[in-house]
1. Test residue 99 against the criterion of being of a type outside the set (Ser, Thr, Tyr) and within 60 Å of the chain's Cα centre (by Cα), and give yes or no.
2. Which residue pairs have Cβ atoms closer than 6 Å, lie 6 or more positions apart in sequence or on different chains, and pair a first residue in region 21-42 that is closer than 22 Å to residue 115 by Cβ with a second residue that is part of a helix (DSSP H, G or I)?
3. Got a sec? Which of 93, 121 is open to solvent by less than 50 Å² (accessible area, probe 1.4 Å), among the β-branched types (Val, Ile, Thr) and at pLDDT 85 or above?
4. Do we have residue 261 as open to solvent by less than 40 Å² (accessible area, probe 1.4 Å), within 25 Å of residue 306 (Cα to Cα) and in a helix (DSSP H, G or I) here?
5. Scanning for something assigned to a loop (DSSP other than H, G, I, E, B), open to solvent by less than 50 Å² (accessible area, probe 1.4 Å) and either in contact with a Ser or Thr (Cβ under 9 Å, 6 or more places away or on another chain) or under 23 Å from residue 216 (Cβ atoms) (or both), does region 271-289 turn up at least one residue?
6. Would you mention how many residues in region 188-223 are out of contact with any helix residue (DSSP H, G or I) (no Cβ under 6 Å at 6 or more places or on another chain) and either surrounded by 19 or more Cβ atoms within 10 Å (Cβ to Cβ) or assigned to a helix (DSSP H, G or I) (or both)?
7. Tell me which residues, restricted to region 224-247, are among the hydrophobic types (A, V, I, L, M, F, W, C), over 16 Å from residue 214 (Cα atoms) and open to solvent by 60 Å² or more (accessible area, probe 1.4 Å).
8. Given the structure, is residue 339 modelled with pLDDT of 75 or more and either loosely packed, with under 10 Cβ neighbours inside 10 Å or outside any helix (DSSP H, G or I) (or both)?
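The values are calculated or read from the model by the stated rules, or taken from the named source; none is laboratory data. These figures come from a predicted structure and were not determined experimentally. Cβ sites come from the backbone with ideal geometry, for glycine too, and all protein chains shown count toward neighbours. Accessible surface is based on the protein model in full, side chains and every heavy atom, while ligands, DNA and RNA are left aside. Shrake-Rupley method; radii C 1.70, N 1.55, O 1.52, S 1.80 Å.
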Amino acid sequence: MNDRHEDPLNTSADTSAGFSPEDIAEIEARLRDLERAESRLAERERELAETSASMARDLRDTAEQLKHKEHQLQNVGELPEQLRNRRSRLQRIRAVLRDRASKLQRYEAVLDDRAREADQILAQRREVAKAGAAVQSRERKLATIQARNKTMSASFFVVAAIGILGVLSFAVADHMAPATYAAKAEVQVDARGRALTPDEVDEWQRYIEALVTDPGLLEIAADRMGKRGIASLGRAADLRVRLERDLTTSAPSSGRLTMELVGEGSAATRRSLDTYVVAIVAQSNATKNQRAGGTGTRVSLDAEIADAPIEDERMVYAAGVGGGASLVGLLLGTTVYRRLRRQHQDFERGVID
C-alpha cells in the first residue's frame, strides 16, 4: 500500500521547478484520490477501534466470569464434563480474541503509517497550493499584460479608423461641396531693359485692361482651357460668363494689372486663372509690334491661392458623412462582435459539455 503513494511523493520534488497546468491537474486528481482513501481508512480505523474495544470488554467480562466459575467449581470439587467442554471452548475463544487483538495492533500500525502518509500528503497539498497560487499570480499578470496590449491595440485601431474615416469624409465632402477660394495673379509691362515714357505705360495699361474681355482673347483662352482639361470653360461663351461673374481686376500702380478669380476648389481655380493669365501674356506679346511703343507683358506674380478659403462648408458635410459612416460602422461592429461572442460561448459550452 505504501508503493501506491510513491507518485505524489515523487511529484512533490518537481513542484519546486514550476508546474504546468497539466501537472497541477494530475496532482489535484491524485490528492482527491488520496483524500478519499484517507477517509475510507479513517472510517475503517473507527470501525476497528470500536470492534477492538467491544471485544476487549467482552474478553474481560468472559475472563471474570470464567474466574468466578472456576473459583466456585474448585470449591465444589471436580468439574463436570459440560463445564470442562465449555472451558475448552472459552480457551479457544480467548486464543481467537488474542489473535484478533494482535491483528488490531497490526491494523493500528498500518493506520499510523497511513496517518503519516496523510500528513505528507497534506504537506504536499500545501506546496501544491503555493505552486497553484504562484501559477494563478503569473496567469493574472499575463492576463493583465494581454488586457493592456489588447487595450492599446484597440485604442490604436480606433484612432486609426477615426483618422482614416475623417480623411475619407473630408475627401468626400471636398468632392460634394468644395470650398470657395480666391486665386490672384499679376502682370506688368515689360520694357525689355529700356526706359518707358508715361504715355507708353498708359497705352499699355489701356490695352491690357481692354484685352481682359476681348472676344478674340476669350476664344484663345477657351481653347487653352480645353487643352488643359478644364472642360467647363472650354467654350468662349462659358468662359465669358465665368469671368464676368468671378473675375475682378485692379491696377495697384501704373504699369501693373492684378486679377483675382473666385471659384470652387483651390487647384481648379488656380489652374483656370493661370491658364487665362498665360493667354493674356501670350496675346499681348504677339501683338506688341502692332502697338505704339511696342511694349510687352510679363507675369510678375504667378497665380496663387490665398491661405484660407472664402467660403467653406466641407466641415459640415464631413461631419455628416463621418457621423453616418461611424454609426454604420458601429452597428456593423456590434453585430459582428455579438455574433463572434455567441459562437465563442457556444464553442466553450460544447467543449465543457
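1. no
2. These pairs meet every condition: 27/11; 27/128; 30/8; 31/125; 34/121; 38/118; 41/114.
3. The match here is 121.
4. The answer is no for residue 261.
5. yes
6. So the count comes out to 18.
7. Once the filter is applied, which keeps residues that are among the hydrophobic types (A, V, I, L, M, F, W, C), over 16 Å from residue 214 (Cα atoms) and open to solvent by 60 Å² or more (accessible area, probe 1.4 Å), region 224-247 yields only 231.
8. No, not satisfied.
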